[in-house]
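The values are calculated or read from the model by the stated rules, or taken from the named source; none is laboratory data. A quick note: this is a predicted structure, and the numbers were derived from the prediction, not measured. Cβ placement follows ideal geometry from the backbone for every residue including glycine, while neighbour counts extend to all protein chains displayed. Protein only, heavy atoms only, side chains kept; ligands, DNA and RNA dropped before computing areas. Shrake-Rupley method; radii C 1.70, N 1.55, O 1.52, S 1.80 Å.
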Amino acid sequence: MGAKPTPIPPRQVRTDTLTGMRPERSVHTGVQSAMDVTDVSQDANPFEAGPFSWLRGMVSATSRGSHDLWRSILITVFITWVPLAILSVVEGRAVAATPRESFFYDLAAYGRYLIAAPLFVLAVRVYLPQLGLTVRNFVQAGLIADTHRAHFDALVASTRRFLGSPWTDALLLLLAYISTIGLSRVLYPTEVSTWVARAGAGPFDLSLAGWWRTFVSQPFFQALLNAWLCRVLVWAWFLWRVSRMPLRLVAGHPDHMGGLRFNIMPVRGFTILAFGIGAMAAGSVAESILYDGQPAASFRLLIVGQVLVVLLIFLGPLFSLFGPLSHLHWRGTFEYGRLASKLGHQFEARWTSRGHQVDAEALAAPDFSATTDLFSIAANVREMNLLVLDSRAVIALTIATLLPYLPVLLAIVPLDEVVSLVLKTLM
């Protein structure tokens, strides 16, 4: 009998460390086809690693099905608000003698547990994929030089490790309980009777609903908020580290940011988070105005400060791109300026010199279109957006933060006066 044929070992296929993509080879050209790449692993998005990835199946809402999303939102409400309502009814504190003692009149609780907390869950579904696309686009757009690709991959890996670390979860959860205990006396002063505790009660003399709020509802809500603040801080750190790399930017890029405008896209969508943050404070402001009789004008600085903080949180990370863009603008101004001047001199020498006759054939000459194209590219360099600010993003975040205050405004100002004021402003 003849010798058995040696089995051919399976071909080893390299998997991209950043995107998790398996490079497919084109039959005709033998090069990687971007249109054929469909296998993208979760490693492609380091921001989906956490925090609190162990809650993903319950409240993170990362799956694509709308059924799972609504299930996650309902579970969030059943953890934070529903038990408080049930316990308040059992103890007779759902509707009591004063609004402060009545849970159903606690507007701040509505803002935190029925509006902001579900929105923070919804934002996971909306924004984490956008952040993943933004991270991948640095490579797919060719902005990372081959010599620094390993550094970029290491940055993505370290970002994923930090966000997915159980130590990060533990720290955020610890901060959630610390902030809950620290802010309890601010939200529910001990000198005033509330549904949480009677006036003058000790720190451990709480109602049943008060205990649930202290150990479950508020820490859970604060953990959701902390998780997003952590992601934004890590996003800022990620962009800063990327900005230190020698990016392959194009000075004359039509996006007026050297090809980096795609980093603004997630910011435009952060309006859901901005609305949730606005709802957190709008409920407390409404209670102070409606229940305590404080003038609405006394909260102007608070509201303005809240808008500025929201803009700083979500737009601040983009400022790390100012360094590479300013250097690109400086270099592009000289290089494209020299090129435009040389071409302009040649154009004028040919078409504006004395005695030159312009006939019908001049309309077909490529000089005009070539000169126009170069000058438009040079104009792109001049109009570069160095501050990485997008007016639409600023307006959207501002409106989203202020929108929860609209019911408060309608409660203290008649509707016809509001409409009249808006019409006067527009006209």
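Exactly one residue out of GLN294, GLN306 is open to solvent by 10 Å² or more (accessible area, probe 1.4 Å), outside any helix (DSSP H, G or I) and touching a helix residue (DSSP H, G or I) at 6+ places or on another chain (Cβ under 7 Å): that is GLN294. The residues on offer are ALA236, ALA199, and the sole one that is surrounded by fewer than 20 Cβ atoms within 10 Å (Cβ to Cβ), at pLDDT below 95 and in a loop (DSSP other than H, G, I, E, B) is ALA199. Candidates are the residues of the range 163-194 that are of a type in the set (S, T, N, Q) and either outside any helix (DSSP H, G or I) or open to solvent by 80 Å² or more (accessible area, probe 1.4 Å) (or both); the one that is modelled with the lowest pLDDT is THR190.
Residues that are of a type in the set (A, V, I, L, M), within 25 Å of SER193 (Cα to Cα) and open to solvent by less than 50 Å² (accessible area, probe 1.4 Å) were ranked within the range 65-99; the one that is nearest to the chain's Cα centre (by Cα) is ILE79. Scanning the range 224-241 for residues that are of a type in the set (Phe, Trp, Tyr) and within 13 Å of the chain's Cα centre (by Cα) yields TRP228, TRP235.
Could you please find all residues in the range 307-345 being of a type in the set (S, T, N, Q) and closer than 22 Å to THR371 by Cβ? If the condition is that a residue be of a type in the set (S, T, N, Q) and closer than 22 Å to THR371 by Cβ, then THR333, SER341 are the ones that fit.
Go through the residues of the range 209-223 one by one and say whether even a single one is in contact with a Gly (Cβ under 8 Å, 6 or more places away or on another chain) and buried (at least 17 other Cβ atoms within 10 Å of the Cβ). No: zero hits. Here ARG160 qualifies as basic (Lys, Arg), in a helix (DSSP H, G or I) and farther than 26 Å from PHE275 by Cα. Looking across the range 257-273 at every residue that is assigned to a helix (DSSP H, G or I), over 11 Å from ALA400 (Cα atoms) and open to solvent by less than 10 Å² (accessible area, probe 1.4 Å), the one that is modelled with the lowest pLDDT is identified as VAL267.
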